[in-house]
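S.K.: Here it is, the structure, as C-alpha cells.
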Amino acid sequence: MINQTNRNISYTKDQISAAEQDLLVREQEQKRQEDELERFREELKEQERLRELARQLKWRNLTDVHFDEGDRYLLANLIFCEAGGEPYQGKVAVGAVVINRMLSPVFPDTIVGVIYQRRQFSPVGSGRLALALAENRATASCYRAADEAMQGATPVGNVLFFRTPIPGLEGQVIGGHVFY
C-alpha cells in the first residue's frame, strides 16, 4: 500500500510539473501576443500620424516624378512578392501604394527609397524580394500592373498602406489585402 501511494504521489507530481510547464508556455505565448499587439498598435498610430501629416502637406505631381532605369523591374518584383496570387486589381493597388508614397511628402521620392525604407514591405526584410529580383519572378501581369501604377492608375485612391485584413482595420479590401 505504501508503494502504491508513493507511485500515486510520483504520478501526481509529474502531472503537476507538466501542468506548470504548460502554464509557463501559455504565459510566454500570451506575453508574445500582447507584445505583438502593442507593436501593431504603435505601428498603426505611426501610420495614422503619417497619413494625417501627408493630408496637410502638398503632394508631388506624377509629372514631377522621375523613374530610374530598373524601377519597373523592382516594382514588378515587389508586386509579385506582395500580390502575386491576388486579383489583377490588387496587383495594381500594391503598385499604386508605392507610387502614392513617392508622391507623398512624408515618404522618399524614389521607388527604391520607398521600397527599401526600413520595415515597410515584409518581402524586403524577409529576403523574398531579393530572391525574386535575382530570379526575375515577376509575371507579365505584375509588369503590366507596375506599368499602370507608374502611369498613375490607382484603384485605391491616395492610400499609403496595405496589409492582410484584421478585425477593426477599415479600408478598401481587394483580394487578401485591406488598403487604408
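The values are calculated or read from the model by the stated rules, or taken from the named source; none is laboratory data. Keep in mind it's a predicted model, so treat the numbers as computed, not measured. For neighbour counting, all protein chains shown are included, and Cβ atoms are generated from backbone atoms with ideal geometry for every residue, glycine included. Accessible surface is based on the protein model in full, side chains and every heavy atom, while ligands, DNA and RNA are left aside. Shrake-Rupley method; radii C 1.70, N 1.55, O 1.52, S 1.80 Å.
S.K.: Which of rounded, prolate, oblate describes the stretch 59-180, given a ≥ b ≥ c as roots of the alpha-carbon gyration tensor eigenvalues and a/c under 1.5 marking rounded, otherwise prolate only if a/b is larger than b/c?
M.R.: The shape class here is rounded.
S.K.: May I ask you to work out the translational diffusion coefficient for the stretch 1-77 at 20 °C, viscosity 1.002 mPa s, via Stokes-Einstein with Rh from the Kirkwood sum over Cα pairs, reported in whole µm²/s?
M.R.: 113 µm²/s
S.K.: How large is the charge dipole for the stretch 1-76, taken about the Cα centre, if only the Cβ atoms of Lys, Arg (+1) and Asp, Glu (-1) carry charge, to the nearest 20 debye?
M.R.: Working: 14 positive and 18 negative charges, 41 e Å.
It comes to approximately 200 debye.
S.K.: Treating the beta-carbon of each Lys and Arg as +1 and of each Asp and Glu as -1, no other charges, what is the dipole magnitude of the chain about its Cα centre, to the nearest 20 debye?
M.R.: Numbers: 22 positive and 25 negative charges, 11 e Å.
Approximately 60 debye in magnitude.
S.K.: Whole number in Å², please: accessible area per residue of the chain, 1.4 Å probe, ligands, DNA and RNA not counted. Spell out each step's value before the answer.
M.R.: Details: 10990 Å² over 180 residues.
On a per-residue basis, 61 Å².
S.K.: Here's something else I'd like to know. With charges only on Cβ, +1 for K and R and -1 for D and E, what is the dipole size of the stretch 77-180 about its Cα centre, in debye, rounded to 20? It would help to have the intermediate numbers written out before the result.
M.R.: Details: 8 positive and 7 negative charges, 48 e Å.
Dipole of the stretch 77-180, to the nearest 20 debye: 240 debye.
S.K.: Find the centroid of the Cα atoms in the stretch 102-144 and in the stretch 1-51, then give the distance between the two in whole Å.
M.R.: Taking the Cα centre of each part, the stretch 102-144 and the stretch 1-51 sit 37 Å apart.
S.K.: Would the stretch 65-113 count as rounded, prolate or oblate if I go by the C-alpha gyration tensor, calling it rounded below 1.5 in a/c and otherwise prolate when a/b exceeds b/c, oblate otherwise? It would help to have the intermediate numbers written out before the result.
M.R.: Working: a/c = 2.56, a/b = 1.54, b/c = 1.66.
In terms of gyration-tensor shape, oblate.
S.K.: Please identify every one of the trypsin sites (Lys or Arg not before Pro) in the stretch 66-140 that sits in a loop by DSSP and has no more than 10 other beta carbons within 10 Å of its own beta carbon.
M.R.: On the way: sites: R72, K91, R101, R118, R119, R128, R137; in loops: R118, R119, R137.
Passing both the DSSP loop test and the Cβ count: R118, R119.
S.K.: Report, in deg cm²/dmol and to the nearest 500, the calculated mean residue ellipticity at 222 nm for the chain, where each DSSP H run with n ≥ 4 adds -39500 (n - 2.57) and the sum is divided by the residue count.
M.R.: Details: 7 runs with 113 residues, N = 180.
So the calculated ellipticity at 222 nm is -21000 deg cm²/dmol.
S.K.: What is the percent carbon and sulfur in the accessible area of the stretch 45-140, measuring with a 1.4 Å probe over the protein chains and ignoring ligands?
M.R.: Details: 2570 of 4990 Å².
That share works out to 51 percent.
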